[in-house]
Each structure stands twice: as C-alpha cells, then as structure tokens.
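I have placed the structure first, in the form of structure tokens, so that the comments after it can refer back to it.
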Amino acid sequence: MYTESSGRRERSLSAFSLSIGFFSFLLLTVIALSCVVGVTGLTWSHLPSLFTVLSDDVISYTVWHVRVPRVLLGAVLGAALAMAGCLMQAVTRNHLADPEVMGINQGASMLVVISLMLFGSQDITWVIIGAAFVGVALSGSVMYRLAFTSEYTPTRLVLSGLAISFFFGSITTGFIVLFENDLMEILYWMAGKLSGASWADLRIALIGIIPAMVLCVLLSNQFNILLLGEEMARGLGQNVERVRRIAAFLIIVLVGSAVAVAGPIGYVGLIVPHMARSIVGSDYRKVVPLAALMGATLLVLADLAGQWVLYPTETPVGIITALLGTPFFIYLLRRRKGRIL
Amino acid sequence: MKLFKSKNLLFAAVITLLGATMLTGCTATDKTEPQEQSANQGPVKTIPHIWGETEIQGTPTKVITLDFSFVDELTALGVAPVGMAGTGALRVPEYLADRVKEYTYVGERKEPNLELIRSANPDLIIANPDRHKMIKNELQDIAPTVALDDTSYSEVLKNTELLGDLLGKKAEAEQVKKDLEAKIQNAKQKIQGSPKVLVVGAFEDEFSVWVKDSFIGTLMSDVGTTYAFTGSKGTTSEGKSEVAKLTMERLAEINPDFLFVYGDLNLWKDNPLFKNLKAVKEGKVIEVDRNIWSRGRGPIAASLILDQGLPILTGTKK
C-alpha cells in the first residue's frame, strides 16, 4: 500500500517537473518569437544592437516599446487568468467555473460602458481601469452571494452565472445600441485586446497580480482541503469561510487587474486548469504553478495568432480565446453528461 | 431562500416576455402591399431596389429617411425629409444641420420607432437593406419602402439619380451628378502619380481605418489616389463593416504618402513610430473633421471632402 502510493507520488512529481520544464521552455520561445518576428527591417545583424544602449532608432523602439510590453502583458495576464480559473473551480467545486461563464467579465463590461457614458469626457484610460475593477468586484460579490448563501448545486450555480451574465450583457448592449456613436470604440475593448499595451499597463497589472499570485501558491494546500468538501474541510480544522473569502478576494484582484488593462478575456481560466489537471492530477500545489505557466503560454500564442489571422487587421485576443474556449466548454459539458456536475 | 424563489420567478417572467416579443415579431403580418395613399394621384412607378420592387403612385412628398446618406442625397436634391432616424445624440449630420431644420425624429437608426414613423404619415420610406432587414415587412406596411445600399461612392450617386427620378427632381439629380463628376475629373487630372493615402481615426491604443470598399475609400480611389488599406473585415450583423483596427506597427508598414486623421492626433504625436512615418516627416498628415470624413456619406459630403482634400493632395496647400 505504502510503496504503491509513494510510487505514484514520484511519478506525478516527475510529470510535474517535466511539464514545468517543458512549458517554461515553450513560453520563453514563444515570448522571444513574438518580440521579434515580423518587425519591419529587423535582421539578424540587428539582434546584438537591440541589447546595447537604448538607441532612438525605430526598430529598437518597436521591439522594446511595442512588442515586449505587449508580450509580457499577455504572459502575465494569461497566468493571472489561469490562476483565477483554478481558484474559482476550487472554491465553487465546479469544473465549469470561469470569469466569462460566471458573468464576472460581463459585469466589468457593463460598468465600463455605463461609466464611459457618465464620465466619457474625462481621461478615458483611468475611467476604464477604475470601472473595470469595480465591475469585477461587484459581479464577483454577486456570484459569491449566489454560490454560498443558498444551497446551490454546481449545475445551478453555472446556470445562475449564465443568467447573470445575460443580464449584464443585455444592459451593456442596450447602452451601446442607444449611444452607438459615442461607444463604438468600446466594442473593441469589450472583445479583450492586448494591442497598444504599454509598460504603464504592465506596471498597473503587476501591482495587484504579483502579490495575489504569491498568495495563491502559498495557499494552494488549503484549496486541496477545500476540495474535499465543506464538511470534511471543517472536520480537518479549516476555517472554510475564511479560505473562501480570501480566494474570492484573490479572484477579484487577478481578474480585475486583467480586465482593467486588457478588457474581458474569457475562457483561459476555463481551459487551462483542466489541461494542468490532466497532466499532474488534482493536487493544487502542482496545478496552480503549472496552470500559471500554461495560461501565460496560451495567451501569448493566442495573441500572436490574433495579429496574423486577418493581417493587417487586428483581431482582439479575446475572440481567439473564445473560439478555443466555447467548444471546450461544450466538450466538458458532454463529457460529464449523466453525472451531476 | 424565498427571496431567491421570487428572483427566479422574475427571471422566468422576463425570459417569457422576451420570447413572446420575438414570436410576435416573427408572426407579424406578411403583407407586402403598401397601404393606399389617397393623397397622391398620378401614374404608378415601379422602383426596383435591393428588397425587390416597390410600386409608388405619383410623386411622394413626405419622405422618411432611416440612415444618414439618404438625408445627404435628399438635401442635395432640394427635398426636405419629414422624418429621419439618427444615432445617440446625433440626429442630423453636422454639415447638413443648417439645411435640414424641421423634421420628426423617429429614433435610433438601428431600431427606429415604428409608431413615430406611422404617425408622421409618410408616403415614402428609405431604408438601409442591412440595418432594417428585420423590420422590412413592418416598414412596407406603413408606406412604400425602398432599400438602398450606400456603401460606395458610386452607389450613393446611383441612389441620388433614383431618388431624383422618384421625387420629380430629375434635373436636380443630373446637376448634382454632373457637378460631382466634374469635380472628380478635375481632381483626377491634378493629382499626380497616384499617391498612397489612408483615412484613419486616432484613438487610445490603435487606429480605426476605413477599408478600400468604403465610401471614403472608393472616393479616394476614384480621384486617382491609391487607397492603401486593402484588408477587410467581412460582414457583421449590422451590415457591411467598413472600419478595421490597425496598430501603429501596421500603419508604419503601410506608410502612406498622405494621412487624413480624425480623432485625437495628440495621442500619437510623440510616438517614435508615428514620427517616423513618411507622411509625418513630409508634413502630409492632415487633421480632418470626423463628421464629414468619417461619418459623412452622400454627394454633399463627397463634395466637401474633395474641397478639403484636393488642395492638400495636389500640394497647393499644406
């Protein structure tokens, strides 16, 4: 008995270190490629000069101020969204939980659109960042109330999440229909985009995301306990409410920071935790870091695709992730057919 | 728990209501015969358009327009519409505001208020074939409706001719066409060496760019420039999409000779990539009025665009 379980542990440990190694390598390669491929006029001979003095020339500006912040932001947000997905799925004990599915992204969009109507004449950047963050907090708390103040089964939780996202979505659409001229530009933001990312965006995102990520990794064993079920967790001495609240707070910080700088990007939080679990099993101490790495890779790849699919037109990265995520969501639903979610 | 029950009930009620609305929308009368307009006497004309053919008796005098380009066309013909649809705060295109004063506002152009249209008692409705596809039957029920495509500049000119014919303004329509064609010929002769031009909107993180098939794109091609954005965006539910998104990097790749910009140019003034554009270095970036260059559509808008653009394109004014 003992040897068998320790053997399994070893195997999954090596699967873990292998996959961490593989995805780190993949992520670095994708990042490096995204930074330089297709930069007009960039040849091999330029490469060394990119790393020397910060020159004024257009090529190094393109690389350091257009490509690098965009790619890094993509990686950071991908990791943050994947972690948020892990957290949501752990806290709700629901494999279909994701900021997009649960209406959190739509809440953010709604508040941004309303705020633009009210304060559109002011500095739009800060209006969007503030409103997006507040919107995430608002719809996050609504979902939290729904999830834990009533005895919802996971299926009903997903349904109420969808209902709420339709509700927010219809208000948003209503405003856009009525004020088409003034809100046209926001449609593009609402699809979730990384174009035009700057170092400032990256800095804003990192303020919240780094501490939240660290906390999330530190607390990952608590999520393992939480996943055993509320009663079991209580029996093991866990303060279930506190862990849930901390998790909800972390989700709001992670998703809020992401939506604030890039608009709502859906489904990364849905897809990635599943992929990570299928590689390393359900131990959150392994799932969380691996999911972060995979999420980063996925979003950078998706953004790279978004830049070239309709070249020279930009496709918002959120559309690419939705194209991947929706079939995956349906696949998950079908696979679990007959079982209570 | 009880609270949730009643919330669920409310939600169910809302859904049912929505469903019911959609159903009634679908089953609405299929009558395509326009109502008799007794006021008009005269010969019956059959007008072919995108939605088929519409029979119109006599000369309509009370016209309702459901999109901006039609207001421009009617104004050019000297006909004042009795009602029109707009969007948001914009009711009449700004450049037409002093020529179109009295009218009934019939609401958002995406979903015009059918009751208001009916109460204005029109004898002709001009609709956009994409935007008003869903209310086609309802509109035809109120008054004879023609649906006209207004994407390219030549379509707009064709519409003007058709409307002139329909509204007894044949001579005016010919004059409008002649004037504009003369202007275009004149421009064509003066513009040398088909320079690359682009019309973009400058916004926070990227640019909006009008595609080659759009009104402004076709107009620019017709005066002998090379419109430099050849990508497209396909169609949306709203109709043909004529604006695409462009990052600074892609704009630098296209690197046009002339750049007409609306929106906020200040956002980009210090950007090294922007400063490196050929058009910027040569002082050929021109700030233009969004209401005319981006939202304007019709013979009057075309004429205004040429008046502003030609001196710049021929280098007689910087």
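At-a-glance table
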{"quantity": "Whole-angstrom gap from segment B:66-102 to segment A:211-273, using each part's C-alpha centre", "calculated": "55 Å"}
{"quantity": "Estimated FRET transfer efficiency when R0 is 60 angstrom, pair residue B:55-residue A:141 (beta carbons, to 0.05)", "calculated": "0.50"}
{"quantity": "Debye log10 I(q)/I(0) for chain A, one point scatterer per Cα, at q = 0.06, 0.15 Å⁻¹", "calculated": "-0.22, -1.28"}
{"quantity": "Residue A:14 paired with residue A:333, simple spin-label distance in nm, labels 7 Å along Cα-to-beta-carbon", "calculated": "4.1 nm"}
{"quantity": "11 Å cut-off, amide nitrogen to a point 7 angstrom out along residue B:230 Cα→Cβ, residues in segment B:248-287", "calculated": "none"}
{"quantity": "Ranked packing of A:293-301, B:86-94, most packed first, by mean Cβ within 10 Å", "calculated": "A:293-301, B:86-94"}
{"quantity": "Above-threshold pairs, the threshold being 25 Å between Cα atoms, out of B:212/B:278; B:183/B:284; B:178/B:245; B:62/B:212; B:188/B:284; B:170/B:196", "calculated": "B:178/B:245; B:62/B:212; B:170/B:196"}
{"quantity": "Contour minus Cα-Cα distance for residue B:192 and residue B:170 (0.36 nm per residue)", "calculated": "4.5 nm"}
{"quantity": "Residue-averaged beta-carbon neighbours from other chains (10 angstrom radius) around B:84-90", "calculated": "4"}
{"quantity": "Unit charges on C-beta of K, R, D, E only; dipole of the protein assembly as shown, Debye", "calculated": "2320 debye"}
{"quantity": "Cα Rg, Dmax (largest Cα-Cα span) when computed across segment A:34-149, Å", "calculated": "20.1, 63"}
{"quantity": "Dipole magnitude of segment A:201-319, debye to nearest 20 (Cβ charges: Lys/Arg +1, Asp/Glu -1, about Cα centre)", "calculated": "340 debye"}
{"quantity": "Farthest positive-ward along segment B:32-139 dipole, Cα basis, beta-carbon charges - from B:69, B:88, B:54", "calculated": "B:88"}
{"quantity": "Over the protein assembly as shown - Rg/Rh using Cα atoms and the Kirkwood inverse-distance radius", "calculated": "1.04"}
{"quantity": "Alpha carbon centroid spacing (whole Å) that separates segment A:66-122 from segment A:287-335", "calculated": "14 Å"}
{"quantity": "Residue A:310 versus residue A:234: modelled label distance in nm, points set 7 Å from Cα along the beta carbon direction", "calculated": "5.2 nm"}
{"quantity": "Within chain A, helix-based [θ] at 222 nm, where runs of 4 or more DSSP H residues each add -39,500 (n - 2.57), nearest 500", "calculated": "-25500 deg cm²/dmol"}
{"quantity": "Extended-chain gain in nm, criterion 0.36 nm per residue less alpha-carbon gap, residue A:50 and residue A:224", "calculated": "58.1 nm"}
{"quantity": "Helical segments meeting 20 Å axial Cα length and Kyte-Doolittle 0.5 threshold in chain A (DSSP H)", "calculated": "A:2-36, A:68-91, A:104-119, A:124-149, A:154-178, A:199-218, A:240-262, A:284-308, A:317-335"}
{"quantity": "Sequence ranges B:170-183, B:120-133, ranked by mean other-Cβ count within 10 angstrom, highest first", "calculated": "B:120-133, B:170-183"}
{"quantity": "Which of A:141, A:227, B:137, positive extreme of dipole for the protein assembly as shown (C-beta unit charges)", "calculated": "A:227"}
{"quantity": "Per-residue Cβ neighbour rank within 10 angstrom, fewest leading, B:134, A:143, A:88, A:213", "calculated": "B:134, A:213, A:143, A:88"}
{"quantity": "Top positive-direction residue, dipole computed over the protein assembly as shown with Cβ charges, set A:291, A:324, B:219", "calculated": "A:291"}
{"quantity": "Per-selection Kirkwood Rh - segment A:232-281 (Cα, Å, 1 d.p.)", "calculated": "13.2 Å"}
{"quantity": "Cβ-Cβ FRET estimate between residue A:245 and residue B:307, R0 fixed at 56 Å, reported to 0.05", "calculated": "0.30"}
{"quantity": "Label-point separation, residue A:117 to residue B:94 (7 Å along Cα→Cβ), nm", "calculated": "2.3 nm"}
{"quantity": "Relative exposure of A:216, A:35, judged by other C-beta atoms within 10 Å (fewest first)", "calculated": "A:35, A:216"}
{"quantity": "Footprinting exposure proxy for B:100, A:37 (fewest neighbouring C-beta atoms within 10 Å first)", "calculated": "A:37, B:100"}
{"quantity": "Cα gyration tensor shape of segment A:278-328, rounded if a/c is under 1.5, else prolate or oblate by comparing a/b with b/c", "calculated": "prolate"}
{"quantity": "Partner chain coverage, peptide A:59-65 - average Cβ within 10 angstrom", "calculated": "2"}
{"quantity": "Segments A:228-241, B:294-307 sorted - mean Cβ within 10 Å per residue, highest first", "calculated": "B:294-307, A:228-241"}
{"quantity": "Dipole magnitude of segment A:160-234 about its Cα centre (Cβ charges: Lys, Arg +1; Asp, Glu -1), debye to nearest 20", "calculated": "240 debye"}
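No value in this document is a laboratory result; all are computed from the given coordinates. Computed from a predicted model, the values in this text were never measured in an experiment. In this analysis, Cβ positions are derived from the backbone assuming ideal geometry, glycine residues included, and neighbour counts consider all displayed protein chains.
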